[in-house]
Structure formats: C-alpha cells, structure tokens
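Heads up, the thing below is written out as structure tokens.
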Amino acid sequence: MKILIVGGGIGGLTLCSFLRKKGFQVTLIEKTRKWNTIGYIIGLFPNGVKIIKKLGAYKELRKIGQALPGYEVRDENGERLLGISFNEMRKKHGPLIEIERDGLHKILRNRNKGADIRLGLTVRSLKERKNKVRVTFSDNKKEEFDLVVGADGIDSRTRDYVLKKQVAEKPKRYTGFTFWILWSPRVFNFPKNVVHYFGDGKFLGMFPSKKKLGILFMLATKQGSLKNQDPREFLKRRFSDIKGGVPNLIKNLPESKEIFHHDDDETRVKSWYRGRVVLLGDSAHALSPVLGMGASMALEDAYVLSEELSQNKDVQGALENYFIQRKQRVDKLASWSKQVHSLMAVKKPFDKPRNLFIKHIYSKIYYRNIDKFLEDGPE
C-alpha cells in the first residue's frame, strides 16, 4: 500500500516509522524547507513512553529526557495545596518524562533515516477515484496514493477535505484562555516536580527538563483581546502577584520575541476520515497544553493506525476501527480539560473554596483519572 503522510511533526514521523517497519511504501511531506527547532517542552506520560519503546527508541529518550518525581499545585501565595508522587504510577505504568520538543523530534527523525521525506512541500488538492487519492502538490506535481494521512496540526488543511460535506461544523473551539510559553532563564532553583500555580482567573505552570525549564502562563480572557500586547510587559503586570518561586521568574523574563503567545484553541470533529483520507493528532483532536497529553496522544494515534492498517486488508474497516478506538479516549481527555479549565477560571472571592477543593478532593480525582486512563491505553 502506498501512503502519503502530510506533516512531519511528532505524530507524522512516528507513523512513518511504524508503517515503514510493516512494509508499507510511505512518503512524508513537510511544509518547512529544513527541520527547525519548533516548540518548547513536551511531557510524555507513560502511555506515550510506551509507544517510544515500541519504536525501539527508549534508550535515546532516557538519555536526553528527564523522568519527573511528582506533581504539585500551589496557590497564588506559593502555599502548596497538594503534592502527588509519581512513584506508584512509575511502578505500575512507567515514568513521566519531560523532554525538549527538538530532542524528541530528532529521535523520531533518526528513526526515519532513508525514508522518502520531502521538505518544502504542501498539498494543493485531493481527489479520490477508484480507491486512489490523486494528490496535487504545491509544486504542481501529481501523484496517486492508496491512503492520505493528515498529521498537519491544529490548522490542518487536510481536515478541510475530510469535513467538506460537514460545512456547518466548526472544528476549533476557544477554551476561554490565552497562553504564553517560554524558556525560563536560570534565575532561581528549578523545581524537580511539575508545579502548577492557580491564581485569580490565571494559571502558571513550570515544567522541568534536564537542562531547561518550560513555563506556561494562561489567563481567562476574551478571544483575541491581547494580540497587540507586548508579551513581556503584560506578563510582568498581570502575574507579579504570584508568590513562591515566581517573582524572580517574572523579574527576569526573556525578551518578547522569545515568548510565544496564542489563544488556546481545542479541536473536535465528528469524523476523522472521509474515503481514503484520515486525520491524526492535533488535526483531529488538539487539546489545551495545560493537560500535557498532546504528544502522547499523537504517538498513540500513530501506533493504533499503523496496527489497524497492517491487520485489516479493508482500508475503510481499518479507518473505522481506528476512529472508534481513539475517539473514546479523546472524549475522556476533553472532559478532563473542561474540568481543569473550570478550576483555572475561578476568580476572587471564589478562589478560596476552589483551593480547598484542590487540597482535599482534587488529588484523589487526579490520580484515579490518570491511573484509569493509563490502564485503558493501547497494548
């Protein structure tokens, strides 16, 4: 079977590697003309780490990734509301590993040496006929494939083709939050755990890797309302009231050009495939970065789709099985995302009851949810 993968991110490269191992003829296209360092830090939960093991790249992951000991939630005064050790999760399911995105991307590129990867190329049009997909590329060349996989992210153009007959569907939904991501300079002792600060309608997350500390700021606001703000100065004003290890961070923020700002959109679509065109990763189910589960879910997608295609001679049956398996897990995470955003959106004077809930109840809910989610992952 001849397969085209559109997009050379985490999901696309993982799928390419699995399919090539299974003997498929795979072409991967990527719009960038050369591989660049894009993105910041990635958290791989045990379900994602399991897929890396299946690729045979676990040693490389452990060499450059950081296994985390636990998770903390603090209030805006820096008081710890809860602390969760990952020891039990590690013993039962495996480690949670933080890694710089570029490091993980290089691992996956190494797994695809010799693959038919074409950079600086996009899809101009797709047309299906007689169980083939005729693809016109951005260089005007045409080629036929048995299957096209859209792994081209939250702004997927492949998704436009899949949703062509569902004109009323709006795949992207604003969560009510805007976010900023950056690398922190080493101006204080970096935490060993993931640390979340819940404030007055705002959130700050610290995510340590082996060499760097990724920072995520989130603020409840109207969509598009802050696009003209200078990121550095705005963050200094709006997050200066958070205590703990945060004041030194706020005082020493990097230049605005080193801070990535974007409104927090999530993607949900009713169907992930149409004919012989199928979606994978953020093109089908982008979730808020606050969950830290996006990369792990893309890795799962790639593994499940490759397994279904190798075990089922009926392509439509394989795509249907893939969709059914993955949709259920994505729906669970989407529900979880709503819960977390509800907690983050709480403003004064309701922050104190929220904090009591986090301190006495949320820890049990969190561990129960993550434990069950990891148990139900693909084998």
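The values are calculated or read from the model by the stated rules, or taken from the named source; none is laboratory data. In this text the structure is predicted, and so the values were computed from the model without any measurement. Please note: Cβ atoms are built from the backbone with ideal geometry, for glycine as well, and neighbour counts cover all protein chains shown.
Could you grab the pairs with beta carbons closer than 6 Å, sequence gap of 6+ or different chains, first residue in the range 40-57 and farther than 21 Å from Ser288 by Cα and modelled with pLDDT of 95 or more, second one of a type in the set (A, V, I, L, M, F, W, C) and surrounded by 19 or more Cβ atoms within 10 Å (Cβ to Cβ)? Partner pairs satisfying both residue conditions: Ile51/Leu299; Ile52/Leu61; Ala57/Ile107.
Among the residues of the range 16-48, those identified as farther than 30 Å from Ile370 by Cα, buried (at least 18 other Cβ atoms within 10 Å of the Cβ) and of a type outside the set (D, E, K, R) are Phe24, Val26, Thr27, Leu28, Ile29.
I'd like the full set of residues that are modelled with pLDDT under 95 and within 20 Å of Glu255 (Cβ to Cβ), limited to the range 184-205. Matches in the range 184-205: Ser184, Pro185, Arg186, Val187, Phe188.
Leu104 passes every criterion in (1) part of a loop (DSSP other than H, G, I, E, B); (2) buried (at least 18 other Cβ atoms within 10 Å of the Cβ) apart from (1). Could you look through the range 218-243, keep only residues that are surrounded by fewer than 15 Cβ atoms within 10 Å (Cβ to Cβ) and touching a helix residue (DSSP H, G or I) at 6+ places or on another chain (Cβ under 7 Å), and pick out the one that is farthest from Phe179 (Cα to Cα)? That would be Ser240.
Taken across the range 156-177, residues that are in contact with an Asp or Glu (Cβ under 8 Å, 6 or more places away or on another chain), among the β-branched types (Val, Ile, Thr) and over 21 Å from Phe24 (Cβ atoms) do occur, with at least one present. Checking Leu287 against (1) touching an Asp or Glu at 6+ places or on another chain (Cβ under 6 Å); (2) assigned to a helix (DSSP H, G or I), which test does it fail? Single failed check for Leu287: (2).
Cβ-Cβ distances below 6 Å connect the following pairs, each with a first residue in the range 132-155 that is over 26 Å from His285 (Cβ atoms), a second residue that is surrounded by 21 or more Cβ atoms within 10 Å (Cβ to Cβ), and a separation of six or more residues or different chains: Glu143/Val135. Entry remark, the range 89-100: residues being out of contact with any helix residue (DSSP H, G or I) (no Cβ under 8 Å at 6 or more places or on another chain), closer than 18 Å to Phe373 by Cβ and in contact (Cβ under 8 Å) with a residue 60 or more places away in the chain number 0 in total.
The set of residues from the range 321-358 being among the polar types (S, T, N, Q), more than 16 Å from the chain's Cα centre (by Cα) and closer than 27 Å to Ile242 by Cβ comprises Gln339, Ser342, Asn355.
Can you list residue pairs whose Cβ atoms sit under 8 Å apart, with the first residue in the range 353-379 being among the small types (Gly, Ala, Ser) and the second being assigned to a helix (DSSP H, G or I)? Count only pairs 6 or more apart in sequence or on different chains. Taking only residues 6 or more apart or on different chains, the pairs are Gly377/Asn47; Gly377/Lys50; Gly377/Glu300; Gly377/Arg329. Of everything listed in (1) within 24 Å of Phe207 (Cα to Cα); (2) hydrophobic (A, V, I, L, M, F, W, C); (3) modelled with pLDDT of 95 or more, the single unmet condition for Phe24 is (1). For the range 107-151, which residues satisfy the criterion of being assigned to a loop (DSSP other than H, G, I, E, B), over 17 Å from Leu19 (Cβ atoms) and under 21 Å from the mean Cα position of the chain (by Cα)? Passing the criteria: none in range. In the range 153-233, counting only strands (runs of 3 or more DSSP E) that sit wholly within it, the ones holding 1 or more residues that are under 21 Å from the mean Cα position of the chain (by Cα) and under 30 Å from Gly275 (Cα atoms) span 172-183. Scanning the range 302-342 for residues that are closer than 30 Å to Thr221 by Cα, touching a helix residue (DSSP H, G or I) at 6+ places or on another chain (Cβ under 7 Å) and either surrounded by fewer than 18 Cβ atoms within 10 Å (Cβ to Cβ) or free of Cβ contacts under 8 Å to residues at least 24 places away in the same chain (or both) turns up just one, Lys332.
Which residues, taken from the range 274-283, are buried (at least 24 other Cβ atoms within 10 Å of the Cβ), more than 14 Å from Ile10 (Cβ to Cβ) and of a type outside the set (Val, Ile, Thr)? Scanning the range 274-283 gives a single hit, Leu279. Scanning the range 313-345 for residues that are more than 20 Å from Glu266 (Cα to Cα) and either touching a Pro at 6+ places or on another chain (Cβ under 7 Å) or of a type outside the set (S, T, N, Q) (or both) yields a count of 8.
Of the candidates Tyr322, Tyr303, the single residue that is modelled with pLDDT of 95 or more and closer than 26 Å to Ile41 by Cβ is Tyr303.
The residues in the range 243-262 that are assigned to a helix (DSSP H, G or I) and either without any contact (Cβ under 8 Å) to a residue 12 or more places away in the chain or not basic (Lys, Arg) (or both) can be counted, and the count is 8.
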